[in-house]
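The values are calculated or read from the model by the stated rules, or taken from the named source; none is laboratory data. If you're wondering where the values come from, they're calculated on a predicted model, not measured in any experiment. Positions of Cβ are generated from backbone atoms using ideal geometry, with glycine treated the same way; all protein chains shown enter the neighbour counts.
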């Protein structure tokens, strides 16, 4: 179990805290929060109610379903936000092992969120052979649940990637021109 999950009481609470703090201008329903964090709805309800009681989250009532958002007036909002941002990460090996389920990986490059470059159009570049969409999307959603943020990604076959590099494709150039980290490179970039 993640040491922070022990500190905060449960993995579900930690995932929900990350989701709401990293998306501080977003209002979510209970169902949306449970789906995005991959936490069972009953556990999400329990943890969200605890966070509302503690003052970390606020709820908006009305005719529509209940909406929850982070309470920016919470006394420890800034320190909690800084702490969660500094301690949230997924290991490079964890990212590669999650993505391996999608097919034969040849190159995985991290940029954007992983390198603190906001101008980047994507966060993960995946190049491989026989990549399947569903397992790739599932792996990305799993990483999103762990990180508490939506990830932008692009996936290419090896042949398509080589072609795009050869014609100086703008997306590939943007990834390679800004700070990036290749965590798997069987192509030789």
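Looking only at segment 34-41, decide whether some residue is assigned to a strand (DSSP E or B) and not assigned by TED's automatic domain parsing to the domain that holds residue 147. Let's see the steps before the verdict.
Quick first cut of segment 34-41, residues assigned to a strand (DSSP E or B) only: none.
No, segment 34-41 contains no residue that is assigned to a strand (DSSP E or B) and not assigned by TED's automatic domain parsing to the domain that holds residue 147.
Looking at residue 137, is it part of a helix (DSSP H, G or I), modelled with pLDDT under 90 and either over 30 Å from residue 49 (Cβ atoms) or under 13 Å from the mean Cα position of the chain (by Cα) (or both)?
Details: part of a helix (DSSP H, G or I): yes; modelled with pLDDT under 90: no; either over 30 Å from residue 49 (Cβ atoms) or under 13 Å from the mean Cα position of the chain (by Cα) (or both): yes.
Against the criterion (part of a helix (DSSP H, G or I), modelled with pLDDT under 90 and either over 30 Å from residue 49 (Cβ atoms) or under 13 Å from the mean Cα position of the chain (by Cα) (or both)), residue 137 does not qualify.
Have a look at 158, 111, 115 and point out the one that is out of contact with any helix residue (DSSP H, G or I) (no Cβ under 9 Å at 6 or more places or on another chain) and closer than 30 Å to residue 24 by Cβ.
Only one candidate passes the filter, namely 115.
Let's see how each residue does on (1) over 19 Å from the mean Cα position of the chain (by Cα); (2) outside the structural domain of residue 128 (by TED's automatic domain parsing); (3) under 30 Å from residue 88 (Cβ atoms); (4) in a loop (DSSP other than H, G, I, E, B):
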site: 151; (1), (2), (3), (4): no, no, yes, yes
site: 156; (1), (2), (3), (4): yes, no, yes, no
site: 162; (1), (2), (3), (4): yes, no, no, no
site: 165; (1), (2), (3), (4): yes, no, no, no
site: 172; (1), (2), (3), (4): yes, no, yes, no
site: 176; (1), (2), (3), (4): yes, no, yes, no
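Checking residue 119 against (1) part of a helix (DSSP H, G or I); (2) at pLDDT below 90; (3) more than 16 Å from the chain's Cα centre (by Cα); (4) outside the structural domain of residue 34 (by TED's automatic domain parsing), which test does it fail?
Exception for residue 119: condition (1).
What number of residues within segment 124-149 satisfy the criterion of being out of contact with any strand residue (DSSP E or B) (no Cβ under 6 Å at 6 or more places or on another chain) and in contact (Cβ under 8 Å) with a residue 40 or more places away in the chain?
Residues flagged as out of contact with any strand residue (DSSP E or B) (no Cβ under 6 Å at 6 or more places or on another chain) and in contact (Cβ under 8 Å) with a residue 40 or more places away in the chain within segment 124-149 amount to 10.
Give segment 67-116 a look and list any residue that's on the phi > 0 side of the Ramachandran plot and either free of Cβ contacts under 8 Å to residues at least 24 places away in the same chain or part of a loop (DSSP other than H, G, I, E, B) (or both), or say none. Please lay out each step first, then the result.
From segment 67-116, those on the phi > 0 side of the Ramachandran plot are 103, 112, 116; that's our starting set.
Correct list: 103, 116.
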